[in-house]
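Worksheet: the structure to be examined is printed underneath.
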Amino acid sequence: MSPLPPDHLSVDPDSPFYDADALERGIGIRFKGVEKNNVEEYSVSEGWVRVAAGKARDRHGQPLTLKMKGTVEAYYRDTSAAV
């Protein structure tokens, strides 16, 4: 397994950027220097995150998201699994 998390990752199983192994290992996201725990999708190279907009849902039951741009840092929470 790579010591760095994927550049682009989504928690939606229907997304082409979904990676169950990486999500199971645990991904931490720092956005503009602040730890975020409500990130639905992120892209480090493009510099954006999608976060849930409260409890609002679309007509398919998926959470409504807001795309925010800025510096994104992704890391694995559990570093012992890499060894």
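Numbers at a glance
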{"read-out": "Residues within region 34-72 that are open to solvent by less than 70 Å² (accessible area, probe 1.4 Å), part of a loop (DSSP other than H, G, I, E, B) and modelled with pLDDT of 95 or more, tallied", "value": "3"}
{"read-out": "In region 1-23, the residues that are under 16 Å from Arg50 (Cβ atoms), loosely packed, with under 14 Cβ neighbours inside 10 Å and without any contact (Cβ under 8 Å) to a residue 12 or more places away in the chain", "value": "Pro13, Asp14, Pro16"}
{"read-out": "Any pair with Cβ under 9 angstrom, 6 or more apart, that starts in region 34-46 at a residue that is closer than 14 Å to Thr65 by Cα and ends at one that is among the polar types (S, T, N, Q) and in a strand (DSSP E or B)", "value": "Glu40/Ser10; Glu40/Thr65; Glu41/Ser10; Glu41/Thr65; Tyr42/Ser10"}
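The values are calculated or read from the model by the stated rules, or taken from the named source; none is laboratory data. Just so it is clear, the structure is predicted and the values come from calculations on it, not from any experiment. When we count neighbours, we look across all protein chains shown, and the Cβ atoms used for this are built from the backbone with ideal geometry, even at glycine. Side chains are part of the model used for accessible areas, which takes the heavy atoms of the whole protein and leaves out ligands, DNA and RNA. Shrake-Rupley method; radii C 1.70, N 1.55, O 1.52, S 1.80 Å.
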